[in-house]
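Following: one structure in structure tokens, then a few remarks.
The values are calculated or read from the model by the stated rules, or taken from the named source; none is laboratory data. These numbers come from a predicted model, not from an experiment. Virtual Cβ from ideal backbone geometry, glycine too; neighbours counted across all protein chains shown. Each accessible area value is taken on the protein alone, full model and side chains, heavy atoms only, with ligands, DNA and RNA left out. Shrake-Rupley method; radii C 1.70, N 1.55, O 1.52, S 1.80 Å.
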Amino acid sequence: MQQPALVAVAHGSRDPRALGTARDLLHRVRELRPRLDVRLGHVELTAPLLDDTLRDVQGGAVLVPLLLGRGHHVKRDLPAAAARAPHLRVRVAAPLGPHPLLTEALHDRLLEAGWTPGTAVVLAAAGPRHPAPGRRPPA
């Protein structure tokens, strides 16, 4: 049986540096797993889009969301993309976070940037466009 492709799924960004970062990550994965078919697809904004990537995969694929939470893209967009690729056996992995390794990486990056422990840090992220059922959007 053919090993499924690993399809890293990034959000996509208007910032041109984001694509380079994703490509660097996949390059490292390929170094560590040279026999693994590793590909990149984006949910939006950046090529290659996930649908285009899946069109070229044969057999099976594991979608690995390079996302920090189990939001709309993981719950809705990735399964929808899998459904649009009926020629594949597709599984969707869990998103990157929350995970203790992310906290460690954040701590290291803050120190590299000159942060002094004990100084307040504010982390912000965009919330979902559509609130979960039964929840009202913030006023």
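Answer yes or no: is there a residue in the range 126-134 that is more than 21 Å from the chain's Cα centre (by Cα) and at pLDDT below 80.
yes
Within the range 10-26, is there a residue that is open to solvent by less than 70 Å² (accessible area, probe 1.4 Å), without any contact (Cβ under 8 Å) to a residue 40 or more places away in the chain, touching an Asp or Glu at 6+ places or on another chain (Cβ under 6 Å) and on the phi < 0 side of the Ramachandran plot?
There is no residue in the range 10-26 that is open to solvent by less than 70 Å² (accessible area, probe 1.4 Å), without any contact (Cβ under 8 Å) to a residue 40 or more places away in the chain, touching an Asp or Glu at 6+ places or on another chain (Cβ under 6 Å) and on the phi < 0 side of the Ramachandran plot.
Do any residues in the range 78-90 that are within 16 Å of Q58 (Cβ to Cβ) and in contact (Cβ under 8 Å) with a residue 24 or more places away in the chain have Cβ atoms under 9 Å from those of residues that are of a type in the set (G, A, S) and open to solvent by 60 Å² or more (accessible area, probe 1.4 Å), where the two are at least six apart or on different chains, and which pairs are they?
Cβ pairs passing all conditions: V90/A83.
Take the residues in the range 85-95 that are open to solvent by less than 80 Å² (accessible area, probe 1.4 Å) and more than 16 Å from G12 (Cβ to Cβ); name whichever of them is modelled with the lowest pLDDT.
Looking at the filtered set, the residue picked out is A94.
Taking the conditions exactly as written (surrounded by fewer than 10 Cβ atoms within 10 Å (Cβ to Cβ) and either part of a loop (DSSP other than H, G, I, E, B) or at positive phi (or both)), does G118 satisfy them or not?
For G118, the condition - surrounded by fewer than 10 Cβ atoms within 10 Å (Cβ to Cβ) and either part of a loop (DSSP other than H, G, I, E, B) or at positive phi (or both) - is met.
Can you name the residue in the range 56-84 that is more than 10 Å from the chain's Cα centre (by Cα) and modelled with pLDDT under 85 and, of all such residues, is surrounded by the most Cβ atoms within 10 Å (Cβ to Cβ)?
G71
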